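What follows draws every value from the coordinates through simple rules; no lab data is involved. Note that the structure is a prediction, hence the values are computed from the model and not measured. As a convention, Cβ positions derive from the backbone with ideal geometry for all residues, glycine included, and neighbour counts pool all protein chains shown.
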Amino acid sequence: MKFYSTNNKNLKVDLKEAVTQGLAPDNGLYMPEHIPVLPKEFFDTIHTKSFRDIAFIVAQNIIGDDVPADELRRIVDHTIQFDAPVVEVDDHAYALELFHGPTLAFKDFGARFMSQLLGYFAKEQSQEIIVLVATSGDTGSAVANGFLGVKGTKVIVLYPSGKVSEIQEKQFTTLGQNVIALEVDGTFDDCQRLVKQAFLDDVLRKKYFLTSANSINIARLIPQSFYYFYAYAQVKDKNKPVVISIPSGNFGNLTGGLLAQRMGLPIERFIATTNVNDVVPEYLKTEVFTPRPSRQTISNAMDVGNPSNFVRLLDLFDKDFARLSKDIVGYAFSDDETRAAMRHIYASTDYVMDPHGAIGYLGLIKYLEERGEDITGIFLETAHPAKFKEVVDETLSRPIDIPLPLQRFLEQPKKSIPMKSDFEGFKDFLLSTL
Ligand SMILES: *Cc1c(COP(=O)(O)O)cnc(C)c1O
């Protein structure tokens with residue numbers, strides 16, 4: 001499979017280049033040259049297949065021969081080490097729980113797949129792959145845990161000192177091995193600037209094989225299509241239309257769903273749901289896209305004012321607004337509505353939703369009410385509620401339990417290296433450590 005840049009369909013690269021570059025040289029995002037449709041027989045028997053078997057078939061369909069089948073099987077098996085169950089929460093409303101991985105959020109799927117794929121490419125070459133990642137919290141933990149112990153790779157996580165929660169910080173500063181955490185005396189933007197400057201620095205570029213692990217990487221997108229198939233496999237009545245509501249920030253998760261749909265998965269419609277950072281729902285109503293600075297909410301992993309995958313959405317529909325707005329509807333909700341939904345579901349069913357999942361639930365319910373037909377609705381539960389313990393405890397007026405994997409992180413001592421926010425200091429550190 002070849003991958004083209006969304007800025008230039010003639011700029012095509014192979015999988016290794018797309019994954020190690022992340023962003024195309026013309027600043028476009030990589031997309032698969034074509035998206036093969038899976039055979040009818042696959043869908044007819046999908047309910048008999050395991051999550052891993054489904055994921056392998058989907059991965060092979062999109063990646064082709066770029067990775068030998070036995071290697072790809074190993075990569076997929078390593079990615080899918082935990083379940084993604086579909087749980088009935090309310091009449092017609094099911095949660096697809098994507099938080100059973102090591103850092104308890106859906107980003108584990110993308111990070112684990114990408115790390116294994118890079119580990120495979122590292123084996124093919126003599127040089128170690130250095131992954132630089134700037135994080136404001138969740139990306140760093142998923143990426144660091146994904147790469148932990150992967151031979152031929154080293155991860156350097158840069159995070160702003162004092163600006164991530166204790167739970168988040170512990171998830172990437174307690175690991176050791178091939179993961180180094182740099183506690184930067186500055187902001188998230190400073191961390192991002194240091195990473196960007198490193199990629200532009202001739203000395204570093206010549207000396208090291210540098211790559212980034214940000215969310216626009218195609219290797220994080222591909223595995224985000226797997227669980228849509230697995231969700232469909234778990235739907236009992238496959239004669240009814242299926243719609244899926246996706247709580248969104250950078251819209252990578254929705255793009256993964258659209259890839260699945262293009263591979264033939266019978267999802268009738270996607271519901272793009274956001275908090276008050278609603279530039280995409282607004283676009284779906286008005287055809288006008290207006291990026292703006294993000295606003296802080298209780299679903300903060302979705303506080304994005306200029307979603308990076310928006311260009312991929314446009315690309316998938318050849319910029320045809322009529323088609324795009326037929327397949328995707330959009331809604332936005334406030335923090336008050338989010339809290340009310342969390343309370344309502346907890347009071348009526350005992351189910352604890354995290355603020356992001358609650359936004360997905362709200363979008364689904366609104367759509368089902370407007371539609372008024374007997375259809376199956378699924379919303380994505382993107383994080384375990386304990387990851388947002390303060391908000392959840394306060395909203396539900398009771399403390400929720402911290403699951404064992406998170407407790408273990410909290411018990412470990414933090415190991416991080418303090419770093420000033422100037423580039424020369426960061427560069428000297430890299431040259432003396434790597
Ligand atoms: C990253 C994240 C999202 C948003 O996903 P996108 O792919 O950026 O739209 C939603 N919920 C949680 C918990 C996240 O960490």
The long-range amide H neighbours of Tyr94, using H built 1.01 Å from N in the peptide plane and a cut-off of under 5 Å, are Val89, Gly377, Ile378, Phe379
Ranked by GNM mean-square fluctuation in the chain (Cα springs under 10 Å), the top entry among Gln127, Gln192, Gln234 is Gln127
Filtering GluC sites (Glu not before Pro) in region 302-381 by DSSP loop and by at most 14 other Cβ atoms within 10 Å leaves Glu373
With a ≥ b ≥ c from the Cα gyration tensor eigenvalues, square-rooted, and the rule rounded for a/c under 1.5, otherwise prolate when a/b > b/c and oblate otherwise, region 228-356 is oblate
Restricting to aspartates and glutamates and to Cα separations under 18 Å from Lys414, and discarding same-chain partners fewer than 8 apart, the set is Asp138, Glu166, Glu169, Glu183, Asp185
In terms of the alpha carbon gyration tensor, root eigenvalues a ≥ b ≥ c, rounded if a/c is under 1.5 and otherwise prolate when a/b exceeds b/c or oblate, region 27-67 is prolate
Cα-based Rg/(2.2 N^0.38 Å) for the chain, rounded to two decimals, is 0.94
GNM of the chain, Cα pairs under 10 angstrom: of Gly330, Gly176, Gly140, the biggest fluctuation goes to Gly176
The rounded separation in angstrom of the Cα centers of region 38-78 and region 354-411 is 29
Classified through the alpha carbon gyration tensor (a ≥ b ≥ c as square roots of its eigenvalues; rounded if a/c is under 1.5, else prolate when a/b is larger than b/c, else oblate), region 132-214 comes out oblate
Comparing Tyr30, Tyr283, Tyr361 in a Gaussian network model of the chain (Cα, 10 Å), the one with the largest mean-square fluctuation is Tyr283
A correct Karplus calculation of ³J(HN,Hα) over region 323-339, with 6.51 cos²θ - 1.76 cosθ + 1.60, θ = phi - 60°, whole Hz and x for Gly and Pro, returns 5, 4, 7, 7, 7, 10, 10, x, 9, 10, 9, 8, 4, 4, 5, 5, 4
So the FRET efficiency between Lys420 and Glu88, C-beta based with R0 = 35 Å and rounded to 0.05, is 0.10
Mean separation of Cα contacts under 8 Å (at least 6 apart) over the residue count of region 141-188, i.e. the relative contact order in percent, is 49
With label points set 7 Å from each Cα along the Cα-to-Cβ direction at Lys206 and Glu337, the distance between them in nm comes to 5.6
What helix-only [θ] at 222 nm does the chain give? Using -39500 (n - 2.57) per DSSP H run of at least 4, over all residues, to the nearest 500, the answer is -13000 deg cm²/dmol
Taking R0 as 25 Å and r as the Cβ-Cβ distance between Gln234 and Ala69, the FRET efficiency 1/(1 + (r/R0)^6), rounded to the nearest 0.05, comes to 0.45
Relative contact order in percent for the chain (Cα pairs under 8 Å, 6+ apart) equals 18
Once the in-chain neighbours fewer than 8 apart are removed, the aspartates and glutamates whose Cα is under 13 Å from Lys154 read Glu128
